[in-house]
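Below is one structure, written out as structure tokens; comments come after it.
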Amino acid sequence: VLASLPLQMMLYFNVYYFPVWFLAEGMMLQLKYQLLPQHYQFLLVAAFLILSLAEGARLYLGYVGNLQEK
């Protein structure tokens, strides 16, 4: 079984678009943070952190798994 070239290309471009998404989402979070109730502030920050960590782990595991054919 060979590594998947389309998957590797998608992962490659996603690695470059993830920081752009991270910065844009972080700026939007900063802009609207003060306007939200406290419970929404907590939920928004928690969701942002969880999504960011999950995306980073997904990209790392995708690269490792695809290149090692796992």
- For the range 25-40, what are the residues that are closer than 26 Å to Leu11 by Cα and open to solvent by 50 Å² or more (accessible area, probe 1.4 Å)? Glu25, Met27, Met28
- Among residues of the range 41-61 being under 20 Å from Phe13 (Cβ atoms) and of a type in the set (A, V, I, L, M, F, W, C), the residue surrounded by the most Cβ atoms within 10 Å (Cβ to Cβ) is Leu59
- Message: Out of everything in the range 1-20 that is β-branched (Val, Ile, Thr) and modelled with pLDDT of 85 or more, what residue ends up being least open to solvent (accessible area, probe 1.4 Å)?
- Response: Val15
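The values are calculated or read from the model by the stated rules, or taken from the named source; none is laboratory data. Because the structure is predicted, anything quoted here is derived from the model rather than measured. All Cβ positions, even for glycine, are placed from backbone atoms using ideal geometry, and neighbour counts span all protein chains on display. All accessible areas refer to the heavy atoms of the entire protein, side chains included, with ligands and DNA or RNA removed. Shrake-Rupley method; radii C 1.70, N 1.55, O 1.52, S 1.80 Å.
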